[in-house]
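K.L.:
Take a look at this one; I'll ask things after.
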Amino acid sequence: MNDPYLIIKYPLSTEKAVREMEAENCLIFIVDKNATKRSIKWAAEKAFDIKVLNVRTQKTMNGKKKAYIKLSAETPAADITSKLGLV
């Protein structure tokens with residue numbers, strides 16, 4: 001895949017997502033349900049020009065897939081969310 005937006009669908013802006021962003025420097029996105037951690041990392045780095053340390057995934061009860069993307073210290077998650085217009 002050459003388009004990172006086919007992998008990353010949309011960001012979550014729930015209370016939990018904001019807490020993760022502030023405490024862990026982590027972003028939460030809904031991603032394609034067939035995406036791997038490696039492809040999610042590639043897509044996030046390509047789409048937002050950031051350095052990703054680690055990706056955790058979770059399948060939700062309604063069949064969607066969440067990706068918890070932990071960013072490096074030089075890239076604050078708050079900067080990315082403000083670029084996206086979430087905060």
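K.L.:
With respect to I30, is the statement that it is in a loop (DSSP other than H, G, I, E, B) and under 19 Å from S82 (Cα atoms) true? Spell out the reasoning first.
P.N.:
On the way: in a loop (DSSP other than H, G, I, E, B): no; under 19 Å from S82 (Cα atoms): yes.
The answer is no for I30.
K.L.:
Next up: Assess whether A67 counts as being assigned to a strand (DSSP E or B) and among the aliphatic types (A, V, I, L, M).
P.N.:
Values: assigned to a strand (DSSP E or B): yes; among the aliphatic types (A, V, I, L, M): yes.
The answer is yes for A67.
K.L.:
While we're looking at this one, here's another question. From the list N62, N54, exactly one residue is of a type outside the set (K, R) and in a strand (DSSP E or B). Which is it? Give the derivation first.
P.N.:
Details: N62 fails: in a strand (DSSP E or B).
Criteria check complete, one pass: N54.
K.L.:
Sticking with this one: Among (1) within 10 Å of the chain's Cα centre (by Cα); (2) not in a helix (DSSP H, G or I), where does I40 come up short?
P.N.:
Here I40 clears every test but (2).
K.L.:
Related question: What's the number of the condition A23 fails, among (1) part of a loop (DSSP other than H, G, I, E, B); (2) over 13 Å from the mean Cα position of the chain (by Cα)?
P.N.:
The one condition A23 does not meet is (1).
K.L.:
Additional query: Pick from the stretch 57-71 the residues that are out of contact with any helix residue (DSSP H, G or I) (no Cβ under 8 Å at 6 or more places or on another chain) and without any contact (Cβ under 8 Å) to a residue 40 or more places away in the chain: which of them is farthest from I7 (Cα to Cα)?
P.N.:
Just the residues of the stretch 57-71 that are out of contact with any helix residue (DSSP H, G or I) (no Cβ under 8 Å at 6 or more places or on another chain), to begin with: 58-66.
Filter once more, so that each one left must be without any contact (Cβ under 8 Å) to a residue 40 or more places away in the chain: 58-65.
Working: Q58: 15, K59: 15, T60: 17, M61: 20, N62: 18, G63: 15, K64: 12, K65: 11 Å.
Applying the filter and picking the extreme gives M61.
K.L.:
How many of the residues in the stretch 48-87 are surrounded by 15 or more Cβ atoms within 10 Å (Cβ to Cβ), farther than 13 Å from M21 by Cβ and modelled with pLDDT of 95 or more?
P.N.:
6
K.L.:
In the stretch 1-26, which residues are within 13 Å of I69 (Cβ to Cβ), aliphatic (A, V, I, L, M) and modelled with pLDDT under 95?
P.N.:
L12, A17, M21
K.L.:
Continuing with this model, one more query. Among the residues of the stretch 17-39, write down those that are surrounded by fewer than 15 Cβ atoms within 10 Å (Cβ to Cβ) and either farther than 16 Å from A78 by Cβ or small (G, A, S) (or both). Step through it out loud before you land on a result.
P.N.:
Restricting attention to the stretch 17-39, the residues satisfying the condition of being surrounded by fewer than 15 Cβ atoms within 10 Å (Cβ to Cβ) are 19, 22-24, 33-34, 36, 38.
A23, K33, N34, T36, R38, listed by residue number.
The values are calculated or read from the model by the stated rules, or taken from the named source; none is laboratory data. In this text the structure is predicted, and so the values were computed from the model without any measurement. Glycine also receives a Cβ, built like all others from the backbone with ideal geometry; neighbour counts cover every protein chain displayed.
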